[in-house]
Amino acid sequence: MTHGAALHCQIEGPADAPAVVFSNSLGTDFRIWDAVVAELAQNYRVLRYDKRGHGLSDDPDTGWAMHELVTDAATLMDHFGLSNAAFVGLSVGGLIAQGLAAERPDLVRLLVLADTAARIGNDDLWNDRIAQVKADGLGSMADAILERWFAPEFHHDGNFAMWRNMLVRTTDQGYARVSAAIRDTDVMESTSRLTQPTLAVVGDRDGATPPDLVRETAELISGSRFSIIRGAGHLPCVEKPQVFTQLLRGFFGENGHV
């Protein structure tokens with residue numbers, strides 16, 4: 001339980017190994033990391049979780065925003081005794097990562113910003129999306145969302161229906177609240193002061209946070225690295241897990257996180 005919300009999480013890997021924490025995107029649960037974690041958990045202490053309103057976590061009726069999402073991540077890491085971790089954040093998870101790195105640098109040694117930015121979208125975009133999900137439900141938006149998430153070829157993958165099911169089973173309220181949290185978050189100033197070694201990654205076909213947007217955020221952080229994953233959309237950890245994992249391992253190794 002963290003600040004009024006019971007969060008669904010999973011921790012695995014050797015207890016004495018370096019820590020890696022994963023925070024996922026709007027409309028997804030922590031299964032998007034399955035293929036990546038299957039490789040990393042042999043050598044790392046891996047924590048992943050469902051944020052509020054997603055997966056099996058609570059969606060409390062009390063008001064909450066980005067501050068609570070960042071605090072949830074910190075509380076989970078404190079609970080499991082994780083510090084000096086590599087924190088991997090995808091989309092809104094990347095906003096959480098940036099906020100956590102600024103507020104609790106003791107928890108974040110390395111930062112991986114996947115398909116994210118310091119400011120995602122604008123008020124009109126998020127207000128329209130919130131209005132639609134409240135009026136017609138998340139299912140009415142699913143096809144458009146999936147087009148932004150995945151490269152066209154992946155829509156014919158045998159597991160594609162599973163990812164659609166994951167999306168539409170997110171609660172309408174949870175989707176709307178996290179959308180509002182994204183709308184109200186701009187961390188450009190604090191991110192420009194971050195000093196953690198940072199890897200920014202994006203799929204070249206990402207329709208939600210295009211490569212140029214992710215690159216602009218990477219450029220805010222001195223010494224950061226930027227990498228494009230070819231043939232992937234907004235969720236390269238799903239479409240190209242081997243490439244994504246290789247980038248992580250290389251980045252961790254270069255920075256002594258082994």
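The values are calculated or read from the model by the stated rules, or taken from the named source; none is laboratory data. Keep in mind the model is a prediction, meaning the values are calculated, not measured. Cβ sites come from the backbone with ideal geometry, for glycine too, and all protein chains shown count toward neighbours.
How many residues does region 158-204 contain that are farther than 30 Å from Gly256 by Cβ, in contact (Cβ under 8 Å) with a residue 60 or more places away in the chain and not basic (Lys, Arg)?
16
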Here is a list of conditions, (1) surrounded by fewer than 16 Cβ atoms within 10 Å (Cβ to Cβ); (2) closer than 19 Å to Gly231 by Cβ, and Asp115 meets all of them except one; can you say which number that is? (1)
Restricting the search to region 91-110, which residues are out of contact with any His (no Cβ under 8 Å at 6 or more places or on another chain) and crowded, with 24+ Cβ neighbours inside 10 Å? Val92, Gly93, Gly94, Leu95, Ile96, Ala97, Gln98, Leu100, Ala101, Val108
Could you name every one of the strands (runs of 3 or more DSSP E) located completely within region 18-116 that has at least 3 residues being within 17 Å of Phe251 (Cβ to Cβ)? 19-23, 85-90, 108-114
Determine which member of the set Thr75, Thr2, Thr62, Thr71 is modelled with pLDDT under 95, farther than 25 Å from Asn165 by Cα, among the β-branched types (Val, Ile, Thr) and surrounded by fewer than 20 Cβ atoms within 10 Å (Cβ to Cβ). Thr62
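Residue by residue, here is whether (1) closer than 20 Å to Val70 by Cα; (2) in contact with an Asp or Glu (Cβ under 8 Å, 6 or more places away or on another chain); (3) of a type outside the set (D, E, K, R); (4) surrounded by fewer than 21 Cβ atoms within 10 Å (Cβ to Cβ) holds:
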position: Gly174; (1), (2), (3), (4): yes, yes, yes, no
position: Ala180; (1), (2), (3), (4): yes, no, yes, yes
position: Glu189; (1), (2), (3), (4): yes, no, no, yes
position: Val202; (1), (2), (3), (4): no, yes, yes, no
position: Thr209; (1), (2), (3), (4): no, yes, yes, no
position: Cys237; (1), (2), (3), (4): no, no, yes, no
position: Lys240; (1), (2), (3), (4): no, no, no, no
position: Val243; (1), (2), (3), (4): no, no, yes, yes
position: Gln246; (1), (2), (3), (4): no, no, yes, yes
Could you grab me the full set of residues in region 31-49 that are crowded, with 22+ Cβ neighbours inside 10 Å and within 20 Å of His79 (Cα to Cα)? Tyr44, Val46, Leu47, Arg48, Tyr49
For region 7-17: of the residues being in contact with a Leu (Cβ under 9 Å, 6 or more places away or on another chain) and not in a strand (DSSP E or B), which is farthest from Tyr175 (Cα to Cα)? Gly13
